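Every number here is computed from the coordinates shown, using simple stated rules; none is lab data. The model shown is predicted, which means the values in this text are computed figures rather than measured ones. Cβ sites come from the backbone with ideal geometry, for glycine too, and all protein chains shown count toward neighbours.
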Ligand SMILES: Nc1nc2c(c(=O)[nH]1)N[C@H]1C(S)=C(S)[C@@H](COP(=O)(O)O)O[C@H]1N2
Ligand SMILES: [Mo]
């Protein structure tokens, strides 16, 4: 069983082997194994020990599996599918995948093979579901109760979308939106607009948009949108359309339900409608990944490295502060590791002395645009955009 060994080892190291560590390993493993759902077939290659399987279409990275080396390994990255994933057959002949382009001077359908001949770039981005942190909303919104693990930082390679648009003669005039359409086969007998994954973002997003065929140095997996995905750096996960089959520059937003009524910042007690803010750029956010509380145990008191990640859709991270007293006092953490650009997350570390007792650890990020991570979440019906530092704080016990 995945977590029992490390937990047990940490407790032993801390010299506080308690009830859990004393329990026969077989019993403990059996209980946890019975609770864990298996990986779905399209994601069978994932590292089960690092993931919480909420359902076959929602897999979350464990906070303890976020690592401390910037890039999220592909086999630990979360998955979120609104529709069943397409068949594996679509990644059998990758270069034959077709994408239709319109809203340009010369509308055309291009194959992935042709797109590869136009231009190439690489970008590191945080991919985060807008529902990440929903699990901290007290009103228990419907949807997956993600904590921190519907997010990762990954490297994408592909063609800059603006190079493709230029190759097709440029945008037609008056186009205000960039719309991507997912390539899932839609269920029969329902209005396609009610189910299609199609998202529009302001056309300014074209500046950084990439049509990506590689993730973390390997051909893009079906699970993450292979053979080709629209990557919109800085934008919430849903806008990063997987298995993209159509790119449209348009004067109006998509009429798809996922755009008009889905992913809206709907005030409490109201119904979703197209006048409410859509989930677009990510807000400034950070959280601590280590140390984590030990279930039923204690951490060793003394010098501790407090580390985590920070990012913002509005610009690079300027500063991260860490508190060990629940936000009463703050100290500047160090930003460490390579800076992979404004769309990647930054790692931060603060060395702190944690004497025996209970400590509430929190982190608060500030971006270059001056946005400061707030103490409180913005309440909304569906539980989007939670960047509250208080919600993401951790209570650890040391001895
Ligand atoms: N075609 C398509 N694209 C999609 C989705 C989807 O269901 N279908 N889900 C979106 C949502 S809600 C999120 S959070 C991200 C998840 O990306 P991942 O599964 O690669 O982690 O993809 C987005 N793009
Ligand atoms: Mo999402």
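Taken over the alpha carbons of the chain as equal point scatterers, the Debye sum produces base-10 log I(q)/I(0) values at 0.08, 0.11 Å⁻¹ of -0.44, -0.83.
What is the gain in length, in nm to one decimal, between residue 186 and residue 173 on full extension, counting 0.36 nm per residue of separation less the C-alpha to C-alpha distance? Mind dumping the intermediate values first?
On the way: separation 13, 0.36 × 13 = 4.68 nm, distance 3.17 nm.
Full extension of this stretch gives 1.5 nm more.
Volume per residue for region 93-161 equals 146 cubic angstrom (convex hull of Cα atoms). Going 7 Å from the Cα of residue 268 in the Cα-to-Cβ direction, what parts of region 359-384 have a backbone nitrogen less than 14 Å from that spot? Residues 376-384 fall inside that zone.
Highest first, please rank the peptides 269-278, 122-131 by the mean number of other Cβ atoms sitting within 10 Å of their residues.
On the way: 269-278: 12.3, 122-131: 23.6.
Taking the mean over residues of other Cβ atoms within 10 Å, the ranking is 122-131, 269-278.
Summed over all non-identical Cα pairs, the Kirkwood treatment of region 66-220 gives a radius of 17.8 Å. Structural descriptor for region 146-284: relative contact order 28 percent, calculated from alpha carbon pairs under 8 angstrom and at least 6 residues apart.
The distance separating the Cα centre of region 50-116 from that of region 238-306 comes to 17 Å.
Helix 25-35: angle to the longest alpha-carbon principal axis of the chain, degrees 0 to 90, nearest 10? It is inclined by approximately 30 degrees.
Could you grab the relative contact order for the chain? Cα pairs under 8 Å, six or more apart, rounded to a whole percent.
Numbers: 975 pairs, mean separation 63.3, N = 399.
For the chain, the relative contact order is 16 percent.
For residue 114 and residue 218 in the same chain, what is the full-extension length gain: residue separation times 0.36 nm, less their Cα-Cα distance, in nm? Before the final figure, lay out the partial values.
On the way: separation 104, 0.36 × 104 = 37.44 nm, distance 1.92 nm.
Fully extending the segment from residue 114 to residue 218 adds 35.5 nm.
Two decimals is fine: what is log10 I(q)/I(0) at q = 0.10, 0.17, 0.21 Å⁻¹ for region 241-399, from a Debye sum with one equal scatterer on every Cα and no solvent? Computed log10 I(q)/I(0) values: -0.48, -1.01, -1.25. For region 180-281, the equivalent ellipsoid derived from the alpha-carbon gyration tensor has semi-axes of 24, 17, 13 Å in decreasing order.
Report relative contact order for region 229-292 in percent, whole number only (criteria: Cα-Cα under 8 Å, sequence separation at least 6).
Working: 52 pairs, mean separation 17.8, N = 64.
With pairs under 8 Å counted, the relative contact order is 28 percent.
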